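The values are calculated or read from the model by the stated rules, or taken from the named source; none is laboratory data. Keep in mind the model is a prediction, meaning the values are calculated, not measured. Cβ placement follows ideal geometry from the backbone for every residue including glycine, while neighbour counts extend to all protein chains displayed.
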Amino acid sequence: MLDKKILTNTENQSFQPQEFFNDQWKVYQKILDNNYMGHHEIYSILQELLLGYFQQPFRMLDLGCGDASFTAQALLNSTITLYQGIDLSIPALEIAKDNMAKIQCDTTFIQGDFSQFVPELILTQSNSFDAILSSFALHHLSLEQKDLIIGHIKNLLTSSGVFILIDVFRQEAEDRETYLRRYLEDIQKNWSLLTSQEYLIVKNHISTSDFPETQQCFYEISQKYSFSSFECLYEDVLNATQVLCFYR
């Protein structure tokens, strides 16, 4: 049985999220505040998709939801009726509960590893979703894990559902080391408000935890699992961050 924890509204009432945030989280917030990863543009695209594609009530699963701050903004004025977020970080989930409180829908927040949680949902057949979102989370998995989880995601989607992947990508002729060098050089050049210590935190995280694939790789996975269509809605100027849609 998956070791997971469902957070309720009455749980951890004395919880103070800032007491638990480590240096990496604080640096990530600084990156978001300065839009270094293009979240403003990305989530504007996401909001346009959600408002245009879902005219009827819809249900969303958010894999690696973090504090859901940008997702909550994208869901404003949408027809969402149910939101389920999963993340490893309890502090982030506590803030996600507050951020999603502005959205008029049922919410559930689960602490756990989404790569294990998704297969369990398949086994229990407890839910299906019209939209499944993964934002800057899938690149931490191996290619085999990415392949398997997208296959599971296909089975969790309703007949007209869509898997939305927001993530970093290698260029087609690029290996991981070349990608890392190119991406880190851009960070050094353009993320100008990071201190030298903050840059080292970012560099260490990316160098040890980022395993991006190419867009072509994900297209081939979409073909393997017979998604009806596949499209790229956004690509940044660095050719590193993209928004991909897998339509069931």
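Scanning the stretch 129-146 for residues that are touching a residue at least 12 places away in the same chain (Cβ under 8 Å) and surrounded by fewer than 18 Cβ atoms within 10 Å (Cβ to Cβ) yields a total of 5. Under the condition of being within 25 Å of Thr158 (Cα to Cα), free of Cβ contacts under 8 Å to residues at least 60 places away in the same chain, surrounded by fewer than 22 Cβ atoms within 10 Å (Cβ to Cβ) and in contact with a helix residue (DSSP H, G or I) (Cβ under 9 Å, 6 or more places away or on another chain), the residues counted in the stretch 97-117 number 4. Annotation: of all residues in the stretch 214-233 being assigned to a strand (DSSP E or B) and either of a type in the set (Lys, Arg) or out of contact with any Leu (no Cβ under 9 Å at 6 or more places or on another chain) (or both), the one that is nearest to Glu185 (Cα to Cα) is Thr214.
Filtered by the rule that a residue be assigned to a loop (DSSP other than H, G, I, E, B) and either crowded, with 18+ Cβ neighbours inside 10 Å or more than 18 Å from the chain's Cα centre (by Cα) (or both), the stretch 21-35 gives Phe21, Asn22, Asn34. When the stretch 49-80 is filtered for residues that are within 16 Å of Tyr247 (Cβ to Cβ) and in a helix (DSSP H, G or I), the ones remaining, listed by number, are Leu49, Leu50, Gly52, Tyr53. For the stretch 55-96, the set of residues classified as touching a helix residue (DSSP H, G or I) at 6+ places or on another chain (Cβ under 9 Å), at pLDDT 95 or above and charged (D, E, K, R) consists of Asp62 only. Counting only helices (runs of 4 or more DSSP H) that sit wholly inside the stretch 95-210, those with at least 1 residues that are over 20 Å from the mean Cα position of the chain (by Cα) and small (Gly, Ala, Ser) are 196-209. Is there a residue in the stretch 147-157 that is surrounded by 17 or more Cβ atoms within 10 Å (Cβ to Cβ), of a type in the set (Asp, Glu) and more than 24 Å from Leu123 (Cβ to Cβ)? No: zero hits.
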